[in-house]
Structures are given as C-alpha cells and as structure tokens.
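Below is one structure, written out as structure tokens, with a few remarks after it.
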C-alpha cells in the first residue's frame, strides 16, 4: 500500500506492507537518525514527533501515520545543536545511540512544559533509556539548557 | 610530578558529540549499503540437541532468497569468539555452525535475502529435525555431570588452562601464597560464607551489527560494532581459513559495548554470505537475539573465608570460585582470575592468601567479557565478607578497611603470581589515594559508625553501607596499542590510532594527549581510528586499557614527532637537531638566529623544498610493564521498607583515584555510568530461564535496566592523584565504577535490618524474606 508522510517539511510517498512499523519505513528511506534499539517500545531511541508529539516509531504502524507529519532530529537542526552544546559540555553524549531520540524528546518537553522541575523532567524522559551515562550528566545538561533558553 | 596542563585534565567536549546529537549516519547499520542482503539466523529452540536433518529447499526456492547456510556448508573449524590477545586464553570450542546446538539461541542456519521480511519468511520454511539431549542448566551440578556438553574431539586450548571438557570444565586454576589453612586456624576471628552473583545482560542500546562487502581488490571488508577490530580480523581469518591480508575490519561509531562487543558474534555470518554470493550482506541482531544469543556476565558462586586477629588485623583471605561460562568458554579463565587478582590485593598485609576454582560449561547463554570482568563478582564476596568481619569484631567497617587496605609504595605478591590467564607482573603501587577516598566519602555520606541505620517512619529505615574497589589499567605485557602522527599542510596533525572508542570518548582524550605532548591545541589533531587497513595495531577497548595503553602510545608517537620536526627544521636551518626547540607554534634555534612557524614549515615540507620535500610522521607503540590499579571507595545511603522489602538508593557517593583524569567530565561520566550499571545488577537485573533453558528475560520489558526515574543521586568526585607510569599521570576509569554497589548496598541492608543477603539481586521478595528470617522470634 502507498502512504504519504510529511517528513521534516517535505511531502514524501512510501510503498509499504500493511504490517510495517514506522521505524523500518523511515530507516529504509534513509532516515537513519531514527535508531532501532529494542523492538518493544521500551528504550526510546526510535522516537520521532508525530504532528509535534513524541511517539515510539518501533511500535507505530506506518499505515497509521499516513497523512501525518513526522519530525526527526534532522528536522530540528537548530534546536538539536542548541541542546547538543549543553549535552557535549557535560560529557553526557556517550555512545550517542540514544541521543537523537533523547534530544527530540527534550525539545518536545520544553515546548510542552516550558521549564519543568527535576521530577517532571525525569518522568517526561523516563522512556528514553541510556545505558552509558547514569543519567546525571544528562540531567545537568537539561537543567542548564532549560535555564539558558527559557524565554 | 604535578604540572600544569593545557589540554589534558580539562572538561573538553567530545569531538563527535554534536554530530551524534544531530543524527548524522554513524553506526554500522546507518552506513550499510541499501542493497545489502539481509542475513537472519535460525537459532536453536533447545538447550541441547543434535541436528538430525535440515531441509532448506523450500527456503532456498523462495523468491528473493540468495542463500541458506548451515553446518553442511562450512568447514568444521573450532575457534573462539573472545576478542583477546594471541594465543587466546579461551578454549577453541565454537564452530560457525555445528551439528550440535548447546543453548537456546545457538546458531543453526543463516538465510540471506533481499529484504528482512523475505529472510524471516525463509527462516520459517527451514525444517529442522532435532534429537533433544539432556541439558545441564544448574551450574553447581555441571561438573562431572553424565551429560557432556562438549564431547567433540577437535576442540582444544591454546596453552594449559585446566581445560577438561569431558568433565564440563572449561578452565581451572589454583594458587596459594603462604599457608591459608594454618593462618585461618590460628586466627582469633574467622568469617566463612558463600556468595552468589547472577548473570547480567550488557544492554548496549545499539544491537550487534555488521555488514560486509568485497572491495575493488576483491578483499573482504567488514564494518562492525566491535570493541577490537584487530582481534576480529584474526579470529575471522581463523574461522574462515582466510589469510589476514584479505580481510579489512573497520569500526565506525558503536552504540555502547561494556564488554558485550569484545567478541565475534555477527561478523562470520555476514562474511560467509558475502564470500558465498559476492554481494554486500548485513546482520543486525534483534534485541531478543542480543539477550538470548550474545553473551552475559558470568554467574558465580564464591566461597569466601577471612581470618583476622581480635584487634582487626586481616591475616588470611581465601576465595574459592565456581563460575558458569554457559555453552562456550569465551573469557572463562580470565574473568574468573580477575575475580581474585583485582580484589584480593586490596588487603595486601595478609599472611596467607588463596584463590582457586573452576569454570564450568552449562547449556545456557555463553558468558563473556562484561565491564568489571570478574572483579565485580569477587568484590561482592570480598567486600561483604569484610563487613561481616567488622560486625564480628564490633568494629567500624570503615576503620577495619583503613587498617588493612593497600597504600602507596606497597605491593601484593598476587600481582606477580596472577595475571589474566597466565602469570602476572611484579608491581609497586606508585599511586593509591584510598585513604583520601575513604575519608572524603565518609565525609560526604556523613558516615557515623554509631548511626549507620536510622528509622525514618512508616516501617522504613535509612542506612549506609560501603565497599572499596580496585581494577587494572590494561593487561601488562599482553595489551599493546600504537599511534601514528603526521604533519599536514596548514600545520595540523593527523592522529591515526588502532584504539576503539565505544562511546567513552577515547578518540577525544587521545587527541587531548597528543595535543598536550606536542604543545598544540586539540583542535589541531584530526583523529582517525579502528581500521585494520589504515590505522596501526591496537588490542582494542577492554581491560580498562585505552587511556593507559593507547594513551602512552600516543605520547610516544608525539615525542617522536617532535624529534622528527626538530630534525627536519635543523636540516632547513643548517644546524644540529639538538639546537632546535619546538613550542607547538614555532621551530627555532635557542640562539634566536633561525625560526619558522609550524604552519609555514608544514607548507615548506610539502610544497616548497624541491628534492627535500617529505612527509613528516612518527609512530609510537606501548605495552605496559605494569597495570596500575585505579581505586575507589563507594558509600551508599539507602532506605529499606521493612514491610515490603523495597530498597531505594538515596545517594551513592563514589570517590575515585584514577590518576590524572585526562578529561575531567568524561572520567566522571564513566564513573556515574558504571555506578548505575552496578546498582542495576545489585537491585534487579537478572537473566532468568525457564526449566527448559529458554531465557525468560529476553526483552526490555522483562529485563529491566535502570531508567532515569530510578536515580535519586550519584555523587562522584575524583581524588587528586598521579601515576608516574601513566600518560600525564593517568590510570584507567572505565570499569572501576561498576564494582562496589553490590557489596555496599548489601552491607547497607544488613546495617538497616540485620539481614545479611549473600545472593543477588536484592529484590523486594528476597530482602523481605531475609528481614523476616533475621528477626528474632
């Protein structure tokens, strides 16, 4: 079947099988910034924004996304670089495999919650696992990022 | 010794950080050709079976299937998948495919197809008939079990490691210094217990991935998520009977390793398909495959005895280990040995010490390298036992440790006797700030031996516990790293290293080291790493080796580079090389008569000097004659709910002596990440099986790793320390952080409740049962 997605502002058509998951459709089309980590919607590395809301593309049928707009981290280059600066300054960018999905969720959180407190941050990002960092450096980066960019 | 640095001991950002956040293609599967055949592996559903027949005809005939491979298609060559030096201390007991399968997940056949869906459909069409054999699932019943897991005659060890496959023994080892039985008998106080540590899964977020293709010269190229490209080339060459000159291995970015990628897991299957079809091929493990069919941490039973005098002098240590290597013996001997060699020297003033035991085969997932590498298991037993001893002595556990722990200028006979799979090396400890670590940690956690437990209401108790740890910095006389530095026009340098950054930031810190030695900015160092064709040799990233071993190699290369620069400038100036100075910006003679800026000089050497033009380059290699241990003191504050058995870690204080931290941020994050993996193992991570040997925890819903909501507070500080043998005083930092949480948390639970738990993980049901059992009736 054929679906139409607006990806990072560009209209694109995809021929898919009815059971295809969005992560596979995107990766096959070269959107390799969308990572595949667990296949069970548990780790968050496959996060994309669907009409601005974070979803796990490994558990989202491509067919269901038909007609919607998808944002990957490469569609938010400026915000990613802005947050990336804080992440890198804390040494929190370890293996980097979780980084695109994680950064996307942080950006979505900022849009949604403005300047959340520590517990809200943890809760919003609970689904974005990181096995390298112990999360503390990421928390330091998020706090400084929110502080520096809060209007 | 302590000098001011310009480039190291700084919180420099990682060179690739922004690229990774931006999602630029970086990992093996991002880079694989779009037309690569997708390889899927059919895995054994049985813990132990003989394959009676494989019928792959229907699969082969499916449109889009390029080939189906099984034991009938490959030569039966025993090899080891362990990424270790040569000859490997692991038995050669694995075949790419075999007629026998030895655990649920073992490779039966591989399918290559044009896409994943076709490959999966083809897998379902392969008909396999098995003769199911008895399985050995209980590691304590493995030795001399009537079921022999490896009866095949071709398997062998590379040198004596105590390999007795007919008894299900992969390796064995024993050593004794002094007379342990005698000293224990003489000791006024002794403690004796058995401790159990469970299998833990690595859960690097990037699944194991490799792709392969034939290049223009017809050579096999493999791009893979490996921690050791050069070992992978050697092991692959052996398994496929190919000369190493016809193989190139490259490691792009990898999404975490923790030891899990210190092996050859997916490469042979991609390579086989490419060699068979001539086409690019890729293997990307599913998360389930990573859980079921890569490796896990060795499960162990550790029988521990400690003898001491009434005044708290530790006189004898005795550690006896039974380790479960699963179906194959990768890292069997060495992980086990590190259980003793990187724990027991913590208490070096003993009169006698003994270590020994066996590593047995079972029909479970093979165990392999995993951060901590035996030291974490040994640490749980030793550091629990030391706290048990403190209780018997009615002594502050911190005080008991202060009295007995190793100090700067001292040694341990164990260093000489025990290496990794062979003898070790004599070593005097030139840097050890354990005294500071214990003092500072006590201060931060507010350690008061009279108030190690305080009720906090509602049946909850807040309590503190502690443990010490040590690790190593590479394997002396075995691990080697090397570096190549080359001046480029415009005055910057290429740094080519065999070292393998698995996300830790080693590319960044090795550039910092090169820059510091050359006197230039890190921005002027361009790093290229981990390519067997184009970078010099390096063992790879394991055994906490990169900073120390590869870092020292970079220093040597940079020192040689300065010599080369000075000699070339001397020729230009018409003076002797000794007269030329280089400060990172300019080459000049001491008398001020001649000078040239590095940038101008770099153009001259490549463009302006006619017959004298040349590439200015230098090499450096390093293999350690010692392995200076990093040390740490871990202190934890927990809250135990005595009604439910739930334990919360409120704060974990880690004070670490890693010598000079080359990058202060990255060193700290290594410790934080290690702590949380250790806390996960202490609290709930546990690889579990059905009674038939099927792994139950084969996904991230059933195998929980810590999320950010599980972290209350990690407090990490680095002690001021300098090891003269390290690059700018550095030791290692990659593993040390993971070691202490098991014992520290168990010790805190004991302090809270009087329940001494000697089996991990410390789940609420186990804690609750222990509390009930400990309560006086």
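None of the figures in this text is laboratory data; all of them are computed from the coordinates on show. Computed from a prediction, not measured in an experiment: that's the story for all the values here. Note: ideal-geometry Cβ built from the backbone for every residue, glycine included; neighbour counts use all protein chains shown.
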query: Can you pull the Rg over Rh of region B:551-642, Cα-only, Kirkwood?
result: 1.39
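Under Stokes-Einstein, with the Kirkwood radius over Cα pairs standing in for Rh, what whole-number D in µm²/s applies to the protein assembly as shown at 37 °C and 0.692 mPa s? Show your work: numbers first, answer last.
Values: Rh = 28.6 Å.
Rounded, D is 115 µm²/s.
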- request: Take the alpha-carbon centre of region B:436-486, take the same for region A:82-151, and report the distance between them in whole Å.
  value: 27 Å
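Rounded to the nearest 0.05, what FRET efficiency is calculated for residue B:143 and residue B:185 with R0 set to 25 Å and r the Cβ-Cβ distance?
Numbers: r = 28 Å, r/R0 = 1.11.
The pair residue B:143/residue B:185 has a calculated efficiency of 0.35.
Which peptide among B:454-461, A:30-37 comes first, and what is the full order, when sorted by highest mean count of other Cβ atoms within 10 Å?
Working: B:454-461: 12.9, A:30-37: 23.2.
Descending packing order for the listed peptides: A:30-37, B:454-461.
What number, in nm² with one decimal, is the all-direction average of the projected area of the convex hull of the alpha-carbon atoms of chain A? Let's see the in-between values first.
Values: hull surface 33.6 nm².
It is 8.4 nm².
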- line: If one builds a Gaussian network model of chain A from Cα atoms under 10 Å apart, the most fluctuating residue listed among A:29, A:81, A:92 is A:29
- prompt: According to a simple spin-label model (label point 7 Å from Cα along Cα-to-Cβ), what is the distance in nm between residue A:118 and residue B:694?
  reply: 4.4 nm
query: How would you order B:377-388, B:598-609, B:559-570 from highest to lowest mean count of nearby Cβ atoms within 10 Å?
result: B:377-388, B:559-570, B:598-609
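At 222 nm, what value in deg cm²/dmol follows for chain A if DSSP H runs of at least 4 each add -39500 (n - 2.57) and the sum is divided by all its residues, to the nearest 500? Please report the intermediate quantities before stating the final value.
Values: 5 runs with 56 residues, N = 151.
So the helix-based figure for chain A works out to -11500 deg cm²/dmol.
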message: Strictly greater than 22 Å: what percent of every Cα pair in region B:703-777 meets that?
response: 46 percent
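If you wrap a convex hull around the C-alpha atoms of region B:501-595 and split its volume per residue, what is the figure in Å³? Let's see the in-between values first.
Working: hull volume 9.9 nm³, N = 95.
Enclosed volume per residue, from the Cα hull, is 104 Å³.
Using C-alpha positions alone, give me the convex hull volume of region A:2-74 per residue in cubic angstrom. Please report the intermediate quantities before stating the final value.
Details: hull volume 5.5 nm³, N = 73.
In region A:2-74, the Cα hull volume divided by residue count equals 75 Å³.
How many percent of Cα pairs in region A:76-149 exceed 22 Å? Walk me through the intermediate numbers first.
Values: 226 of 2701 pairs.
That tail contains 8 percent of the Cα-Cα pairs.
Quick one: divide the alpha-carbon radius of gyration of region B:1-89 by 2.2 N^0.38 Å and tell me what you get. Before the final figure, lay out the partial values.
Numbers: Rg = 23.6 Å, N = 89, 2.2 N^0.38 = 12.1 Å.
With N residues counted in region B:1-89, Rg over 2.2 N^0.38 Å equals 1.95.
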field: Normalised alpha carbon radius of gyration of region B:55-211 [divisor 2.2 N^0.38 Å]
entry: 1.46
message: Going by average Cβ density within 10 Å per residue, which order do the peptides B:16-29, B:628-641 take, highest to lowest?
response: B:628-641, B:16-29
statement: Kirkwood radius from Cα pairs of region B:433-550 plugged into Stokes-Einstein at 37 °C, 0.692 mPa s, gives D in µm²/s equal to 185 µm²/s
- request: Give, in nm to one decimal, the length gained when the segment between residue B:277 and residue B:63 is fully stretched (0.36 nm per residue of separation minus the Cα-Cα distance).
  value: 75.5 nm
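Mind checking Rg over Rh on chain B, alpha carbons, Kirkwood formula for Rh?
Values: Rg = 27.1 Å, Rh = 27.3 Å.
Value, to two decimals: 0.99.
Give the average, rounded to an integer, of partner chain Cβ atoms located within 10 angstrom of each Cβ in A:28-41.
Values: counts 3, 1, 3, 1, 9, 8, 1, 9, 8, 9, 11, 7, 7, 2.
Mean number of neighbouring Cβ atoms from other chains: 6.
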